[in-house]
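Asks: Handing you this structure, nothing more for now.
The values are calculated or read from the model by the stated rules, or taken from the named source; none is laboratory data. In this text, all values refer to a predicted model and were calculated from it rather than measured experimentally. Backbone-built Cβ (ideal geometry, glycine too); neighbour counts: all protein chains shown. Surface accessibility is based on the protein's heavy atoms, side chains included, excluding ligands, DNA and RNA. Shrake-Rupley method; radii C 1.70, N 1.55, O 1.52, S 1.80 Å.
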Amino acid sequence: MNVATGIRWLSSAVVGAALVVAGAASAQKTQLTVYTALETDQLKAYQEGFAKAHPDIELTWVRDSTGIITAKILAEKAAPKADVIMGVAATSMAIFEQEGMLLPYAPAGLARIAPAYRDPKNPPSWVGMDVWGATICFNTAEAAKRNIPKPETWQDLTKPVYKGQIVMPHPASSGTGFFDVTAWLQMFGEPNGWKFMDGLHENIAQYMHSGSRPCAAAAAGEYTVGISFEYRANREKARGAPIDLVFPKEGLGWDLEATGIVKTTTKLDAAKKLQDWAVSDAAMALYAANFAIVAVPSLSKPLPNVPADYASRLAKNDFAWAAKNREKILAEWTKRYESKAAPK
């Protein structure tokens, strides 16, 4: 072997050894499957934040809208594929708890979490991350063209001037849509809640299968009013869309993004580490960049376009009632309003 050949052989051997070491390091990472309804544009920051704390654990996200991911988790009940459920509505987490699918666990720092933002049992089956709440995205440019006034209340949206100009999330697909419906039923009482939705339905152009899509449609000028939530509304406004954020005076539907461990996980140590991180100060700081209220209230920060008294505007929300009555509510809603659902 001449010198040049020897150098090439040595270089190849070094590179080969490095690849073996890298492959071994990758193989040693614990693979954690996480089912989520988090917005796609949030996942990268959360994944990177967790990786800094636990580089030995790799998260594999399975993402869809709240209603769809909830149905998927329930369909897999006999043989769950998820290790952790993260960023899914507390009303869905309450269903999983009722079905015996979650492992009670008290994450490090649990005492910091506000009682209203966690499962009341000790140890809890799920713990909240942040609050997301109802917001109307109102396109001021389209409204000016059509001489449509800015709404101030939910009841305003039943006025004839809004006919064909409103889109909202489908409650069977979207957690945002579901908390809108359950908030109206709780705020107005069930008979009056359905009466309100009958009037609203007259003005609805379409029920969309996403909590974000109605705001995006309003921001793009497809419709004047998009019933959505504050994170997406703020994102669209920050991008320059001609929208105002409207917080109806009667009160705002809301839910918690929450996290819990699936009882059947074979990777319990890694799952507990994700649950611990999810309630950490570092994680709360990431949530606070997107939402005005986080589960550790002292770590909440003001957000542009969101009123300072936002917390006091949230409607009373009984998660257990919403979970228990979910199928009945959705069946009644579907019977009344499915005719305007967007194609799937």
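Asks: Rank Asp309, Asp83, Asp119 by mean-square fluctuation in a GNM of the chain with C-alpha springs under 10 angstrom and give only the top-ranked residue.
Replies: Answer for the Gaussian network model of the chain: Asp309.
Asks: With an 8 Å cut-off on Cα pairs and a minimum separation of 6 or more residues, tell me the relative contact order of the chain in percent. Each step should come with its number before you reach the end.
Replies: Working: 627 pairs, mean separation 83.2, N = 344.
Relative CO of the chain lands at 24 percent.
Asks: How high is the relative contact order of the range 80-187? Use alpha-carbon pairs under 8 Å, at least six apart in sequence, and give a whole percent.
Replies: 16 percent
Asks: Given a Förster distance of 56 angstrom, what is the FRET efficiency for Ala320 paired with Lys145, based on the Cβ-Cβ distance and rounded to 0.05?
Replies: The computed FRET efficiency comes out at 0.80.
Asks: Moving to a separate point now. If you take the square roots of the eigenvalues of the alpha-carbon gyration tensor of the range 228-344 and sort them as a ≥ b ≥ c, do you get rounded (a/c under 1.5), prolate (a/b over b/c) or oblate?
Replies: Working: a/c = 1.78, a/b = 1.10, b/c = 1.62.
Cα axes put the range 228-344 in the oblate bin.
Asks: Report, by chain and number, residues whose modeled amide H sits under 5 Å from the one on Leu252, excluding near sequence neighbours (fewer than 5 apart, same chain).
Replies: Excluding prolines and chain starts, which carry no amide H, the hits are Leu314, Ala315.
Asks: Could you work out the relative contact order of the range 219-289? I mean the mean sequence separation of Cα pairs under 8 Å and 6+ apart, divided by the number of residues, in percent. Don't skip to the answer; put the middle values down first.
Replies: On the way: 21 pairs, mean separation 13.6, N = 71.
Here the relative contact order equals 19 percent.
Asks: Hey, another quick one. In whole Å, what three semi-axes, largest first, describe the equivalent ellipsoid of the range 163-307 built from its Cα gyration tensor (square root of 5 times each eigenvalue)? Don't jump to the answer; show the numbers that get you there.
Replies: On the way: eigenvalues 187, 78, 45 Å².
Result for the range 163-307: semi-axes of 31, 20, 15 Å.
Asks: Also, I was wondering about something else. Kindly give Rg over Rh for the chain, based on alpha-carbon atoms, with the Kirkwood expression for the hydrodynamic radius. Walk me through the intermediate numbers first.
Replies: Numbers: Rg = 23.0 Å, Rh = 21.4 Å.
That ratio is 1.07, to two decimals.
Asks: Using a 10 angstrom cutoff on alpha carbons, build the Gaussian network for the chain and name the most mobile of Pro124, Pro149, Pro171.
Replies: In this elastic network of the chain, the residue with the biggest mean-square fluctuation among Pro124, Pro149, Pro171 is Pro149.
Asks: Report, to the nearest whole %, how much of the accessible area of the chain belongs to carbon and sulfur atoms, 1.4 Å probe, protein only.
Replies: Of the solvent-accessible surface of the chain, carbon and sulfur hold 57 percent.
Asks: Shape call for the range 82-208 from the C-alpha gyration tensor, a ≥ b ≥ c root eigenvalues: rounded (a/c under 1.5), prolate (a/b greater than b/c) or oblate?
Replies: Judged from the Cα gyration tensor, the range 82-208 comes out prolate (a/c at least 1.5, a/b above b/c).
Asks: Hey, another quick one. If each of Ala106 and Arg336 carries a label point 7 Å out from its Cα toward its Cβ, how far apart are those two points in nm?
Replies: That separation, rounded to one decimal, is 4.3 nm.
Asks: A follow-up question, please. What accessible area per residue comes out for the chain, rounded to a whole number of Å², with a 1.4 Å probe?
Replies: 43 Å²
Asks: Specify the inter-centroid distance of the range 187-215 and the range 43-119, based on alpha-carbon positions, in whole Å.
Replies: 28 Å
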